[in-house]
Amino acid sequence: MNLLARYAESIFWMARYMERAENLARILDVHETFSRDTRGVTNWFSIVQLNADEKDFFSRHDRPTAEAVIHYYMFDTQNSNSLLSMLHMARENARALRPWISTEMWTQINVFHNKLLEMSTSDVPMQNLSKVCTWIKEECQTHTGITEGTFYRDQGWYFYQMGKYIERADQTTRLLDIKYHTLLPSPVEVGSTLDVSQWTTVLRSTAGYHAFRRVYPRGMSPTTVAGFMLFNEGFPRSVVMCVRQIDGVLTRLRSRYELRGGAQAMERVDELLSALLSRPIEAVLRQGLHEYLDWIQLQLITLTTEIAQAYFGMDAPVAVQAQSQ
Amino acid sequence: MQPPERCRPVGRDWFETSAGESVSVPEGKPSDLLSSYNPGLYFDELFGSMDLPAEHTALIRQRLSGLDFDELRRRAQDVERELYNLGITFIVYSEKDAVDRILPFDIIPRVISAKEWTHLEAGVTQRVAALNLFLHDIYHDQKILKDGIIPRELVEGNSNFRPQMIGLDVPFNTYIHIMGTDLVRDRHGTFRVLEDNGRVPSGVSYVVENRHMMQRVFPDLVQDIGIRPVDNYGHKLLDAMMEIAPAGVDDPQVVLLSPGTYNSAYFEHIFLAREMGVPLVEGRDLVVENDRVFMKTTNGLAPVHSIYRRLDDAFLDPRAFNPDSLLGVPGILDAYRKGNVALANAIGTGVADDKAVYCYVPRMIKYYLDQDPIIPNVDTRICREADALQYTLDHLAELVVKPVGEAGGYGITIGPRASKAELEDCRAKLLADPSNYISQPVVDLSVCPTVTPDGIEPRHVDLRPFAITARNTWVLPGGLSRVALKKGTLIVNSSQGGGSKDTWVLEGGAS
């Protein structure tokens, strides 16, 4: 059964936007909880940094106040990284995919988007932010659940997984990158209540706090948190976990569906995975976490390009005389 | 939660009760639901007329009468919400943005007896046969032109006549594979053809979805009535698409070619692709190499054999037709002419559903089939003819004047309802370009009980049956009943605020 290249692309991006939206809702939610301390302003700004939106943000806002940042990331349709924009993109992809995906998947995204759109006409007061973020997160999880339960398992399913895990890996590196730097403790703060609570925030954003506690019952250090988020083999949002999934998906696409393209992407994932597995966190930190995360992000971006070239019809179409069935 | 303001479905206000609003049905007297209903002088689809009482709807009327008006409105509201959430919508473009609208759905069904349907089915089949014979003729020997039955310039001078089709043979000589015939019913209960749609008729998805919706919200009304099913349309369409595929292909690849997500009928394209189980492709998904059509897949190019295209001729192939079209597939005409790909409908069918050619269809039926039309036309005058123009100008206030090139109810002047200024405007246009117009008497469209803010009221309806033809013709039982929701209006088009009703064709025993 053939899969239209354009469908594969839409599936890939629908998955990415839904994953991205969930991550952003998590980050906003957790920040809301922790922005009541003395570093509130800094915290809101770090979300802008995390998404590398400084330039765009300051072109329309003077200061990163809570209100400005929240509006910017919830409802600003000029900001392609806002939840409403993401949902819009997810819905546009889903709309293109309606002949392919289940009616339930489409309906849920459609209703979700329409509710968010309606909400955007009235301001979300700070007291409700957490509630709204929880709702968004749950809608994203509902999407995940409906997808798991209704998405027909053929090529399309693997492109969905691929999009989701590439996005998730990317999000984890971004969160870690910005947090590691804004939170790089000044000598006085090491081990202070503030320091620990900031790292807790990072873990909570990725729903990893309890799992982390289980793995490291004593102590929380930048090293253990970074190591956990990068390399842990059981944590569903760790970079290693995500890359392993991408690897498996690519392998199955090429073996089960005999897709000819994708050799380059396959090679890149293999390299990325062995690089991730070859160095302990201490060595990574010694040589510079930021550079390391940058490198991973670059690998993921290049991987996306290679996948697009291999499967989404980005290449000038070469006349492969495909046999009938 | 409510949908956002700007996306609210048309007609939603009907279902909002405000304090001062009067509802014609007194509370606590549910049996009164239809008792104050008065269709006036029009033929009524549920009650019939004095001469032709609708005995086949007795049970349905009885059940409807037993319902409470508020209950009816509540169910209607449920339906609209569901249609909106499911995205069973068409897109309306305003100055600012594109808005999803549902086609308003009225929950009182339109019912056709088995006997009436036998008549309609035969009439539609006959008409499709004649139009296909006509198309084959004008693209081959042109006997009908040589015999002077239809003016040559009307055909060859028609903007939808495609010289590229001359001499080309198509499978089973079928050009119009999917046909939508617009029927109206006059004051005497006689069905008449108002218009043929032989290019890319739309609306069939609503027929099937309306039925699903009806079965969900009105199980108590539907039960044991014996309604002919409509949900096999997709299978029938796929069968036809396979049948017309190029010979020698074992398992032909069928696709549906859509202009894309921004097309107002995109939902229907999705619906049909899903029902057929075939990919919905856009022009950019297809390429032509060595006069063969391929689609771009994750594994390179895969051959395509049969295309249900929902794209007008003009956009189909920028190399052959409109060079600015980004929606089409360069080279597809050559592939088609070589017989490497089937297209439904064929290229060049627009000349057969032209409003001016329409007037000649009864003569066509006589000419090709030696039969009388089973369903008559509405009496029509062709303003290109001097007598007809004079008659039209003399009786402007009594006639409906239609431009022949427009679709969707645009540009129509309804004489009896037009202001003096509008009539003068119409007269000027007629004189400036008479051959662009036809005129018809006002047909007193039949009515059907419909839910309105003022209770159950008569509203005008039409009927568009859908016929699928490859080797043979199959007609979907029923069709799309469109209803003019605004009081007194005759225009039922969705772009003009019309809605739709579920259309029931009763099984044999029930009539």
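Just a few scattered comments:
- Residue list for the range B:221-246, restricted to those being hydrophobic (A, V, I, L, M, F, W, C) and in contact (Cβ under 8 Å) with a residue 40 or more places away in the chain: B:221, B:225, B:227, B:230, B:237, B:238, B:240, B:241, B:242, B:244, B:245
- Those helices (runs of 4 or more DSSP H) of the range A:66-121 in which 3 or more residues are out of contact with any Cys (no Cβ under 7 Å at 6 or more places or on another chain) and more than 14 Å from chain B (Cβ to nearest Cβ) occupy A:66-74, A:83-96.
- Helices (runs of 4 or more DSSP H) within the range B:331-427 that include 2 or more residues in contact with a helix residue (DSSP H, G or I) (Cβ under 8 Å, 6 or more places away or on another chain) and touching a residue at least 60 places away in the same chain (Cβ under 8 Å): B:332-337, B:355-358, B:361-369
- Scanning the range A:147-180 for residues that are away from chain B (no Cβ under 14 Å) and among the hydrophobic types (A, V, I, L, M, F, W, C) yields a count of 6.
- Checklist (1) modelled with pLDDT of 95 or more; (2) more than 10 Å from chain A (Cβ to nearest Cβ) applied to residue B:312, failing item: (1)
- Selection count where residues are more than 26 Å from the chain's Cα centre (by Cα) and of a type in the set (Gly, Ala, Ser), scope the range B:419-451: 4
- Considering residues of the range A:82-107 that are touching a residue at least 12 places away in the same chain (Cβ under 8 Å) and surrounded by fewer than 20 Cβ atoms within 10 Å (Cβ to Cβ) only, the residue farthest from residue B:270 (Cα to Cα): A:84
- Among the conditions (1) more than 24 Å from residue B:242 (Cβ to Cβ); (2) among the charged types (D, E, K, R); (3) touching a residue at least 60 places away in the same chain (Cβ under 8 Å); (4) within 14 Å of chain A (Cβ to nearest Cβ), the only one that residue B:284 does not satisfy is (3).
- Hits in the range B:292-325 - residues which are closer than 26 Å to residue A:261 by Cβ and assigned to a loop (DSSP other than H, G, I, E, B): B:298, B:299, B:304, B:305
- Failed item in (1) more than 16 Å from residue B:479 (Cβ to Cβ); (2) part of a loop (DSSP other than H, G, I, E, B); (3) within 21 Å of the chain's Cα centre (by Cα); (4) away from chain A (no Cβ under 13 Å), with residue B:235 passing the rest: (2)
- Applying the set (1) within 19 Å of the chain's Cα centre (by Cα); (2) among the polar types (S, T, N, Q); (3) outside the structural domain of residue B:171 (by TED's automatic domain parsing) to residue B:215 leaves exactly one unmet item: (1).
- Restricted to the range A:291-313, and to residues there that are under 18 Å from residue A:178 (Cα atoms) and without any contact (Cβ under 8 Å) to a residue 24 or more places away in the chain, the residue that is surrounded by the most Cβ atoms within 10 Å (Cβ to Cβ) is A:292.
- Hey, residue A:115 buried (at least 16 other Cβ atoms within 10 Å of the Cβ), modelled with pLDDT under 95 and of a type in the set (Lys, Arg) or not: yes
- Any hit, the range A:212-227, residues being modelled with pLDDT under 90 and either assigned to a helix (DSSP H, G or I) or in contact with an Asp or Glu (Cβ under 6 Å, 6 or more places away or on another chain) (or both): yes
- Residue list for the range B:469-478, restricted to those being crowded, with 24+ Cβ neighbours inside 10 Å and not in a loop (DSSP other than H, G, I, E, B): B:469
- Exactly one residue out of B:292, B:319 is surrounded by fewer than 21 Cβ atoms within 10 Å (Cβ to Cβ), modelled with pLDDT under 95 and either within 28 Å of residue B:163 (Cβ to Cβ) or not assigned by TED's automatic domain parsing to the domain that holds residue B:345 (or both), and it is B:319.
The values are calculated or read from the model by the stated rules, or taken from the named source; none is laboratory data. Model, not experiment: these values are computed from the prediction. No Cβ is skipped: glycine too gets one built from the backbone with ideal geometry, and neighbour counts run over all protein chains shown.
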